[in-house]
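Student: Take a look at this one; I'll ask things after.
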Amino acid sequence: GDSVTQTEGQVTVSESKSLIINCTYSATSIAYPNLFWYVRYPGEGLQLLLKVITAGQKGSSRGFEATYNKETTSFHLQKASVQESDSAVYYCALSVGVNTGGADRLTFGKGTQLIIQP
Amino acid sequence: EAAVTQSPRNKVTVTGGNVTLSCRQTNSHNYMYWYRQDTGHGLRLIHYSYGAGNLQIGDVPDGYKATRTTQEDFFLLLELASPSQTSLYFCASSWNTEVFFGKGTRLTVV
């Protein structure tokens with residue numbers, strides 16, 4: 001089946017420092033799945049942070065970016081300078097899309113808790 | 001703005017109890033989903049539906065039933081709740097790779 005592996009547990013970064021959360025994927029039903037980063041702030045539902053549906057492309061939002069690397073099957077999330085408001089849980093996910101009969105059902109990584117130190 | 005509303009937001013029930021979690025979307029989306037989120041597991045798909053009266057089995061369906069009564073409403077049913085079903089449940093709807101989530105229902109089975 002499909003799977004997503006991301007930096008597990010908790011990552012602590014000092015404010016204004018750079019961030020990387022690693023994500024690799026494996027999709028058995030399709031060569032190039034859609035890739036996503038979702039974020040969940042305390043008390044809120046998951047929000048889409050960014051998505052890339054074309055291999056080789058880069059997505060960006062709110063200062064975060066991730067590049068769809070089909071050679072290494074990776075989709076790492078990066079930010080050059082984090083802020084306290086970035087504290088949240090981040091999820092990497094993939095979908096194989098409705099056109100393949102898979103609906104938009106998402107396969108998630110286990111989530112990474114990001115803590116920003118002032 | 002797409003909207004998915006879950007109720008209740010918090011629920012405590014006893015082992016063997018009967019629980020229904022509700023989800024309503026006002027997006028006119030065909031697809032709706034129920035996920036559970038547990039520490040160390042990320043989100044896992046329980047059931048999903050592509051329209052009223054339709055139900056598809058997800059990855060962790062055991063112990064759960066679901067029913068899609070209308071385009072807007074999708075219910076998750078636990079008829080004999082067990083402590084292993086203590087979790088945070090998310091409902092979602094989707095269209096064309098855009099998936100919108102509710103704020104979640106925290107269920108505790110004691």
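Student: Does a label point 7 Å from the Cα of A:K58, set along Cα-to-beta-carbon, have any residues of the stretch A:71-90 with amide nitrogen under 17 Å, and which are they?
Tutor: Those under the cut-off are A:71-72, A:74-82.
Student: Follow-up. Please go through the stretch A:1-106 and write out the trypsin sites (Lys or Arg not before Pro) that DSSP classes as loop and that have at most 15 other C-beta atoms within 10 Å.
Tutor: For trypsin sites (Lys or Arg not before Pro) across the stretch A:1-106 that sit outside H, G, I, E and B with at most 15 neighbouring Cβ atoms in 10 Å, the list reads A:K17, A:R62, A:K70.
Student: Continuing with the same structure: From the P(r) of the stretch B:1-93, could you give the percentage of C-alpha pairs in the tail past 17 Å?
Tutor: Distances greater than 17 Å cover 46 percent of the Cα pairs.
Student: Tell me which residues come under 5 Å, amide H to amide H, from B:T86 once H is placed; ignore anything under 5 positions away on its chain.
Tutor: B:V109
Student: Something else now. May I ask you to evaluate 6.51 cos²θ - 1.76 cosθ + 1.60, the Karplus curve with θ = phi - 60°, for each residue of the stretch A:20-35 and list the ³J(HN,Hα) values in order in whole Hz, giving x for glycine and proline?
Tutor: Residue by residue, the stretch A:20-35 yields 9, 10, 7, 8, 10, 9, 9, 10, 8, 9, 8, 6, 10, x, 7, 10 Hz.
Student: Within straight cross-link reach of B:K65, meaning Cα distance under 23 Å, which lysines are found once same-chain residues fewer than 8 apart are removed?
Tutor: In chain and number order, the partners are B:K11, B:K103.
Student: Tell me the accessible surface of A:T67 in square angstrom (1.4 angstrom probe, heavy atoms of protein chains only), to the nearest ten.
Tutor: The accessible area comes out at roughly 60 Å².
Student: Roughly how many Å² is the accessible area per residue of chain A, as a whole number, for a 1.4 Å probe? Don't skip to the end; give the middle numbers.
Tutor: Numbers: 5390 Å² over 118 residues.
Result: 46 Å² per residue.
Student: Quote the total accessible area buried by chains A and B together, excluding ligands, DNA and RNA, probe 1.4 Å, nearest 100 Å².
Tutor: Separately minus together, A and B give about 1800 Å² buried.
Student: What whole-number value in Å² describes the accessible area per residue of chain B for a 1.4 Å probe?
Tutor: 46
Student: For the stretch A:84-91, in order, what is each residue's ³J(HN,Hα) by Karplus, 6.51 cos²θ - 1.76 cosθ + 1.60 with θ = phi - 60°, in whole Hz (x at glycine and Pro)?
Tutor: Per-residue couplings from phi come out as 4, 5, 7, 4, 4, 9, 10, 10 Hz.
Student: Now for a different question. Would you please give the FRET efficiency between B:T70 and A:T12, computed as 1/(1 + (r/R0)^6) with r the Cβ-Cβ distance and R0 = 41 Å, to the nearest 0.05? Write down the numbers at each step before the final one.
Tutor: Working: r = 45 Å, r/R0 = 1.10.
Once the sixth-power term is evaluated, E becomes 0.35.
Student: Right, here's the next one. Pop out the ³J(HN,Hα) list for the stretch B:92-97 in order, Karplus 6.51 cos²θ - 1.76 cosθ + 1.60 with θ = phi - 60°, rounded to Hz; leave Gly and Pro as x.
Tutor: Karplus-based 3J(HN,Hα) across the stretch B:92-97 equals 8, 10, 8, 8, 6, 6 Hz.
Student: What's the carbon and sulfur percent of the protein assembly as shown's accessible surface, probe 1.4 angstrom, rounded to a whole number?
Tutor: 47
Student: Can you compute the equivalent ellipsoid semi-axes for chain A, i.e. the square root of 5 times each eigenvalue of the Cα gyration tensor, sorted largest first and rounded to whole Å? Kindly include the intermediate steps, with their values, before the conclusion.
Tutor: On the way: eigenvalues 125, 41, 29 Å².
After diagonalising the Cα gyration tensor, the semi-axes are 25, 14, 12 Å.
Student: Mind checking the alpha-carbon convex hull of the protein assembly as shown and giving the volume per residue in Å³? Mind showing how you got there, number by number?
Tutor: Working: hull volume 26.4 nm³, N = 228.
Roughly 116 Å³ of hull volume per residue.
Student: Rank B:D62, A:D104 by accessible area, highest first, at a 1.4 Å probe radius?
Tutor: Largest to smallest exposure gives the sequence B:D62, A:D104.
Student: Now for a separate question. Which far-off residues, 5 or more places away or on another chain, put their amide H under 5 Å from the one on A:A88, with H placed in the peptide plane?
Tutor: Those lying under 5 Å, H to H, from A:A88 are A:L114.
The values are calculated or read from the model by the stated rules, or taken from the named source; none is laboratory data. This one's a predicted model, so the numbers in the text were calculated from it and none came from an experiment. Every residue, glycine as well, gets a Cβ built from its backbone with ideal geometry; the counts of neighbours run over all protein chains shown. The protein model used for the area step is the full one, side chains on, heavy atoms only, and it has no ligands, DNA or RNA in it. Shrake-Rupley method; radii C 1.70, N 1.55, O 1.52, S 1.80 Å.
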